[in-house]
Every structure is written in structure tokens, then in C-alpha cells.
Amino acid sequence: MQYFPKNLFCRIRNLIEMLTRLIPSQSTRVGTWRIVLAVVALNLTLASLANAQQGMPNPTMASNPLTTTLSIFRSNMQDKIMKSADAMPESKYSYRPTKDVRSFAEILNHVADISYTLCSNVKGEANPTSATAKVSKTEIIAYLKGSFDYCDGVYSGFTDAHLNAPADFFGVKTNKMFILTQVGNHDALHYGNLVTYLRINGLEPSGGWF
């Protein structure tokens, strides 16, 4: 979406060129209708692009823009994961493409486990839950939502001033920004798995603005 202004200019320019080409034939009924349709298309294009821009979150004016940026990406991925978990029938939660990979349910449990692990690390407290695999669809979705809500609390209480605070990532010395980044990165990695599982089973993944 960083190219939004350029794309908008190109689309407007193309439609103006179309109108220009149609003007010589405006004396005919067909030419007139073509111009009307082109104008309508221009208006619809401008309206749709304006709505898309308004729907994009803008962290630049936030009190903690860097942390907010990380949270926007994380929240978007987690929303997609929750919708995927809801879309897959419970009878398919045990599905796995090959015996060597996690099942759909195992991926969701894993995402929740790591969310709790990483976010409790950033918060500087013990993991508030035990990594006991949930079995039913209802249990798994509740566990997943609980982990995402927990991370919401961690991100909302964080400030940019603490991004470079020291942290430990599975024995590797780093900063807290690295761990916060890994939460969204890990979610995105496994959302890619879920998309594949859904499509193989004839289901459409949820859309989104990115």
C-alpha cells in the first residue's frame, strides 16, 4: 500500500485518456453513453480507492508509533488466524497434508503456545498458561483467543522507549523489539500454513487489507 498515491494517479490518468479518446464521437448516442460510463467508472474508482485509504491504519500520529506499527501487523495476522480457525469444520481439525507436518489443530495450539511464550517474555513474567494441547474446536479457539488477548495487553502497555531494552530469546541476547517483531512474524508464518490447509479442503481464506 505504500504505492497508493502512485497507483491512484495512474488509474486517474488512464481514465482521463479514455475520456479524451471518446470526445470526438460524443455527437453520437453511442459515444455519449461511452463518456457517461467512463465518468461513472472514474467516480467509482475514486470512491473505492478513498475508502481503501481510510481503512488503512496509520500509526504515525500514535504516541508510540513504532510499537503501534508492530501491533497493527500482529493484530491483522491474528484476526486472519481466528477467522481461519472458525472457518475450518471441526471434522477437519485433524487434517494434515502429510504425516510429517502438524495437523490444523496442532498449528493453532502451537501458535497460541508461542504467543503466550513470547509475550510473557516481553512482559517479564512467567508464562501464565501450561502448553497443554487442546482438542476440541471450541477449546482450541478459546485457547487461541486467550493468547491473543494476553498479547494485546502486553502491546498496549508497551512504549517505544522500551523497544531497545535487553531481552533473552531462547538463550540469545537481544532486545524487546526483536521479540515483539517475532510475535507477528510467527503468526504470519503459520497463517500461510492455515491458508494452504483451508484451500486443500475447498475453503476460502478470509481477506483483508494486507
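Quick notes on this structure:
- Geometric extent, Cα atoms of segment 59-113 - Rg, Dmax (angstrom): 15.5, 48
- When VAL122, VAL195, VAL135 are compared by accessible area of protein heavy atoms, the largest-first order is VAL135, VAL195, VAL122, using a 1.4 Å probe.
- Ranking ALA126, PHE104, LEU163 by how far each Cα lies toward the positive end of the dipole of segment 95-177 (charges on Cβ) leaves PHE104 at the top.
- Per-peptide average of other Cβ atoms within 10 Å, ordering 112-119, 142-149, 73-80 highest first: 112-119, 73-80, 142-149
- Magnitude of the charge dipole for segment 64-209, about its Cα centre and with charges confined to Cβ atoms of Lys, Arg (+1) and Asp, Glu (-1), is about 280 debye.
- Among SER206, SER120, the order of accessible area from largest down is SER206, SER120, computed with a 1.4 Å probe on protein heavy atoms.
- Cross-link pairs beyond the 31 Å C-alpha cut-off, checked among LYS83/LYS173; LYS80/LYS176; LYS137/LYS176: LYS83/LYS173; LYS137/LYS176
- Note on SER206 and PHE170: their simple-model spin labels are 2.7 nm apart, each label 7 Å out from Cα toward Cβ.
The values are calculated or read from the model by the stated rules, or taken from the named source; none is laboratory data. No experiment lies behind these values; they were computed from the predicted model shown. Please note: Cβ atoms are built from the backbone with ideal geometry, for glycine as well, and neighbour counts cover all protein chains shown. These area figures cover heavy atoms from the full protein model, side chains too; ligands, DNA and RNA do not enter into them. Shrake-Rupley method; radii C 1.70, N 1.55, O 1.52, S 1.80 Å.
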